[in-house]
Every structure is written in structure tokens, then in C-alpha cells.
Amino acid sequence: MRKSQAGFTMIELLVALVIGLFLLGGLMTIVQDNRRTFASQNQLSQLQDSERLAMTMMTDVIQAAGYFPSPTINTAASALPVSGSFVTAGQGLVGSYSGTPPGDSITVRYATNSGDGILNCTGGTNTSGAIATYINQFSVVNGQLVCTLNGTAYPLVGTLSTVANGIVVYNLSVLYGVNTSGAGNNVNSYVNAAGVANWSEVISVQVSLTFLNPLWSAANVGQGTQPQYLTFQRVVSVMNQTGI
């Protein structure tokens, strides 16, 4: 007499199939969550890199405002004469104020000797073999922090505001540290460009750079999870005023 063959019933197969589908669905959810987490971390990393690069470059340039080589031979007035928006001989800083995005601009001027290693806003140095004057202007244009060096514009950080999921620079705000008492080099007030009475007396500069938060979404408004904007701030001393 033949033994009956053992096997799975249709119900058992359906139950196993349903359990498998549940497990597969859970696995796909984990994979999608991991992909979203990686994308978010990558965007935040790009934002942090952009912020560091922007602040480092602006710091290097701003602190050199008004510098000129060979002070035993040259003077500030002779090295940095009246020119364009620099209405005073020796003036190293000038700026413009706007209360609405993309915000302010700041222009920094200095003269350098060939080979002295002083950076301009593109990261380059003077290798011309002679004294060179650099005029560096920082402003935000179409979602990018732009450096205009001696009349030529160079995007530094950010992507065009029309690029999806890009790192967009939203606003640049600049305040100028001055001493309203007229004595010493201790800052007792910060004013915007419209409030600077004498640009040659600016002691320090407070730079605030605002980015669109790449993790913010209009669909999540009200949930309190991510702010729409992220602002980074740095105070830069002007070396020829502080003696640093």
C-alpha cells in the first residue's frame, strides 16, 4: 500500500505568501528610509562645506582690508588712492545695505607685493612680479555667493536658485563694528553700511550668511521639524585697525 505524499495546502501557501509580502514590504521601507537619510546627510554635508568655504574666504579677505606693502616706502594714501566707490585715500572697505534678500554687499581693497601670499577672494595670490591692488566684492546673486575681483565675477559657493535640491545662498547681511567715542580700537556699536560715518574707522565686520535649508519642505510646514533658513555668522577683525 502506497504512503500518502506530504505537502502544503493552498491555505498554507497563501499564508506563507502573505507573510513574505509583509517582510518584503518592511525591507523596502528600511531601504527607502536609509536612502532618504543618506541623501539628507549628503545635503547637510554640502551645506556645511559651503558655509566653511564662504566664511574662510571672506575672513581672509576682510581682515586684509587696507593693507599695503613696504610701509617705510609707501603710505596708505599713496598705495590706495581715491578710486570709484573708495572716496577717501587709504580706504580699504565700503559696503551697501539692503533690508531685503539677497541683502548687502561688501567691497574690500588692499595692495600686495608679489609673492607675499596674501589671498584674494578667488584664493589666488599676487605672482605678477610687481605690486598689485585687489578689489574684492562679495554679494549674493541668483542663489550664489559671488566674488567680483577687479571687475570679474566668480561664483564661490551655492547653486542657482532654479536648481532642484541645490545649496542656495539666500541672504548676506553685513554689520560694521565702530567706536562711536572716537578713541581706541574697541568696538562699542555695530551698524549697517548706511550707518558708517567713516569707513576708515571700521574696526571689525560681522558677516551673516543665510542659506535655504535643503531639508525644509513646504509640505512639512507646521510640523516644527526643520527651519526654512539656516544662518551662519562670523566676526572678522580688520588687521590694520586692531594690530593683529
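The values are calculated or read from the model by the stated rules, or taken from the named source; none is laboratory data. In this text, all values refer to a predicted model and were calculated from it rather than measured experimentally. Please note: Cβ atoms are built from the backbone with ideal geometry, for glycine as well, and neighbour counts cover all protein chains shown.
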Inspect the stretch 42-52 for any residue being crowded, with 16+ Cβ neighbours inside 10 Å, part of a loop (DSSP other than H, G, I, E, B), modelled with pLDDT of 85 or more and under 37 Å from the mean Cα position of the chain (by Cα) and give the result as yes or no. no
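Wholly within the stretch 76-158, which strands (runs of 3 or more DSSP E) include no fewer than the required count, namely at least 2 residues that are of a type in the set (A, V, I, L, M, F, W, C) and under 19 Å from the mean Cα position of the chain (by Cα)?
Numbers: elements: 93-96, 105-112, 132-141, 144-149, 152-157.
It comes to 105-112, 132-141, 144-149, 152-157.
Of all residues in the stretch 92-103, count the ones that are more than 13 Å from ILE62 (Cβ to Cβ) and in contact (Cβ under 8 Å) with a residue 24 or more places away in the chain.
Going residue by residue through the stretch 92-103, those that are more than 13 Å from ILE62 (Cβ to Cβ) are 96-103.
Now restrict to residues that are in contact (Cβ under 8 Å) with a residue 24 or more places away in the chain: 96-97, 101-103.
Number satisfying all stated conditions: 5.
Within the stretch 185-212, how many residues are assigned to a strand (DSSP E or B), touching a residue at least 24 places away in the same chain (Cβ under 8 Å) and farther than 22 Å from GLY143 by Cα?
So the answer is 2.
Would you confirm, using the coordinates I've provided, whether VAL61 is modelled with pLDDT of 95 or more and in a helix (DSSP H, G or I)?
Here the answer is yes, as VAL61 does meet what is asked.
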